Amino acid sequence: MSTLPAPSHALYAGVLGVIVLALLTVSLSRLKKTKTKADYLLAGRSLPAFVLVFTLLSSWIGSGSLLGGAENAYNHGFAALWQAGGGWAGLLLIYFIAPRARKFAQFTIPDLLEARYNQTARVLGVIAILFAYTAITSYQLIGGGDILHLVFPALITADLGKYIVAAFVIAFTAIAGMASVAYMDVVIGMLAAITLILALPFVLHAAGGWSAVTHALPATHFEVLGDFSLPQAFELFLPTMLLMLGNQSMYQKFFSAKSEKDARNAVVGWIIGTIILETVIVALAVFGSVLFPSGEVQQRPREIIAYTALHGLPAWLGALLMGAVFAKIISTANNYLFSPATNLVNDVFTRYLAPKASNKRVLIVSRLIVVLLGIWALYQAVNTHSVLAKTLYAYTIYSAALTPVILAAFYSRRATAQGAVSAIAAGTLVTFFWDVQAVKQHVPPILAQRDAIFPALIAAVVCLIVVSALTPPPRAAQVALFFPGD
């Protein structure tokens, strides 16, 4: 297929520069208003539904969709929607969870774990979140580095790009906390939604239309399962669904809502926006695979959306799309770097080390922790080769370790602290060690050939149910926090 003339990199560089300046301006504008722990961690519990919709969209649709999901679609076609579909299923269930979460209205998921279970559950929850969320942050840095390399190929390698993006993300996240993250997401969410949707008909036309696309690609690219087996499809579906259901970044935003009504209304907009945008992303990757079946993008298919923006669209639209993708990646990195920093501040520093620390000291420590976690995420980014594999690892460790006990907190009166602790430990350990060959040698072959999600989830749920059944029921006061009015 023919493509458009070589792009003017100056235009793309200019758009990225404007976006970076705009993000910094938004962040700095919130700095003077960030004076307390609640301001920094939860934006003062003041976010209306409109802001919540876009900050939820921006935190969910990042490199996992724009890189990992696009890589999957480039190689497997529309069957890649199994990964996105897990999120959609989770969202439908979240509609009923959101008001309960806002009513509880604490700071973090480990707050919830201690209130419903015990301190051990809290500490193990922090550990699981640190592993999962720094992994998610790491592949945002990879995505941002790829974009800088594409725009400045002679100046910036993909690896150097990771360092540059990491420095910006760390600085931006440290400045003003949740307030800067949430209000920035409104602008980013609107820009991304408009440009992704606008780009779709242009790319389809450049690929020769729907008929040309279906003739150029294997028939499996347009089938429900594609070239996946049913277990493989569920290995994409389940981690995404379970991460969505237990996602601390999501709950933290519900805790930030003005009211329970705002939290529930935001989910409706989130459902609509997510279904539309993730379908558009997969379609863009599929159509882009027809335009660019070989070359650099074949070696790194995660770049297909950005590469199409640079080489397959009119310059004005390509620059806007590239800027939107870059901004979404930055936004997601901010969200997932900020969230575990919140855990270490709220669940370790102010909980155990300095419970009487002043607001000023808490803010200083919060920003220092953001820097340290950002460096850890950068280390992971430099040593990661497949964004899709890293995505599924991060989703699985969170899904298996935390989601079952989070849901049990809201919907089970019988789940006990001992059951929760054993479930979190089992889900984390099975995921972490699953790819170690010395471990797999002792696992039945039918499980050894599967990804970690099935064994980790089974181990966690079995521990939660069996240990809870064998231990005394929780105190009535603990349960009442999650079943008010019953």
* To do: Counting other Cβ atoms within 10 Å, keep those with at most 10, restrict to DSSP loop, and tell me which trypsin sites (Lys or Arg not before Pro) in segment 355-435 are left.
  => LYS356
* To do: Take PHE96, PHE287 and order them by how many other Cβ atoms sit within 10 Å, fewest up front.
  => PHE96, PHE287
* Structure fact -> In nanometres, the difference between 0.36 nm per residue of separation and the alpha-carbon distance of GLU223 and HIS205 is 4.3 nm
* To do: Measure up LYS328/LYS390; LYS261/LYS328; LYS328/LYS360 against 23 Å on the Cα-Cα distance and list the ones that go over.
  => LYS261/LYS328; LYS328/LYS360
* Asked: Over segment 276-368, one equal point on each Cα, no solvent: what is log10 I(q)/I(0) by the Debye formula at q = 0.11, 0.15, 0.20 Å⁻¹?
  -> -0.53, -0.68, -0.92
* Asked: With r defined as the distance between the Cβ atoms of VAL371 and VAL436 and R0 fixed at 25 Å, what FRET efficiency is calculated, to the nearest 0.05?
  -> 0.20
* So for PHE54, PHE168, fewest C-beta neighbours within 10 Å to most, what's the order? -> PHE168, PHE54
* Asked: Taking other Cβ within 10 Å of each residue's Cβ, how do LEU196, LEU372, LEU363 sort, fewest first?
  -> LEU372, LEU363, LEU196
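Can you give the FRET efficiency to the nearest 0.05 for LEU317 and LEU230, using r as the Cβ-Cβ distance and R₀ = 35 Å?
Numbers: r = 38 Å, r/R0 = 1.10.
Taking R0 as 35 Å, the efficiency between LEU317 and LEU230 is 0.35.
Since every read-out is calculated from the coordinates, none of them should be taken as a lab result. It should be emphasised that the depicted structure is a prediction, and the values quoted were computed from it without experimental measurement. Neighbour counts run over all protein chains shown; Cβ positions are idealised from the backbone, glycine included.
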